[in-house]
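Below is one structure, written out as structure tokens, with a few remarks after it.
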Amino acid sequence: MGFFDRIWRVIRANLNALVSKAEDPEKILEQVVLDMQDDLIQLRQAVAQAIATQKRTERQYSQAQTTANDWYQRAQLALQKGADELAREALVRRKSYDETATAMQAQLTQQAVVVDQLKQNMKKLESKISEAKSKKDLYIARARSAKATQQINEMMGNVGTGSAIQAFDRMEEKVLQLEAQSEAITELSMDDLEQRFEKLGQADDIDAELEAMKSQALSGTGSTAQLPASQPAADPELEKLRQQIREG
């Protein structure tokens with residue numbers, strides 16, 4: 001029996017889990033309010049029926065009292081006429097209706113308690129329905145909000161935020177690398193241009209220095225010095241200097 005009890009317990013647990021998972025708060029709340037309204041309708045019908053029964057008992061009680069009084073008056077009339085036996089029978093009938101009226105009165109007391117209790121229950125149920133309707137809208141709004149939040153969280157989880165962030169990191173590294181390459185190319189281009197301008201400035205300096213040397217050489221030989229008519233022989237030291245310049 002212990003084994004089968006455990007199996008039944010597992011089955012019930014799984015069924016409860018399935019039912020709990022399938023429950024939609026919005027639908028359940030709507031259905032609860034509808035069920036409460038159905039209960040209110042049945043309770044109102046019960047109250048109406050109890051009141052109708054009470055009214056019928058009141059009429060029966062009143063009728064029994066009236067009939068008992070009539071038989072009492074008949075007994076008095078029989079006594080006045082000297083019909084003692086007839087008066088006795090009238091009193092017997094009167095007693096029967098008095099007993100009926102007494103029983104009806106006891107029923108009326110019980111029915112009054114029942115009707116009063118039913119009315120109180122009806123008022124309580126009406127109050128609970130009113131409260132349930134006001135809370136229902138609040139709970140439905142909260143349930144929808146919770147469901148939307150859950151769907152967003154599930155969607156975010158399915159998207160794979162880890163891989164997305166890694167992709168953004170790779171693209172950021174790629175952009176930084178491209179920017180660094182662009183800056184390096186720009187710097188190299190600027191360096192080449194600056195070197196060209198620097199060489200141009202150096203050439204001007206050399207030309208100026210050469211002109212200065214020529215002026216000094218001419219001033220040393222005199223302003224009226226004449227160049228020889230024929231080209232002098234090559235100077236070995238000058239040729240050696242030229243060779244060194246060529247070789248670099």
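Please treat every number below as a calculation from the coordinates, not as lab data. Because the structure is predicted, anything quoted here is derived from the model rather than measured. Here Cβ is always computed from backbone atoms with ideal geometry, including for glycine, and neighbour counts include all displayed protein chains.
Tabulated values for the structure
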{"read-out": "For segment 124-129, Karplus couplings with θ = phi - 60° (6.51, -1.76, 1.60), whole Hz, Gly/Pro x", "value": "5, 5, 4, 5, 5, 5"}
{"read-out": "Ordering of 118-125, 170-177 by burial proxy (mean other Cβ atoms within 10 Å per residue, highest first)", "value": "118-125, 170-177"}
{"read-out": "Of K55/K95; K55/K128; K55/K119; K27/K147, pairs whose Cα-Cα distance is over 19 Å", "value": "K55/K95; K55/K128"}
{"read-out": "Sorted peptide list for 85-95, 131-141, criterion being average Cβ within 10 angstrom, highest first", "value": "85-95, 131-141"}
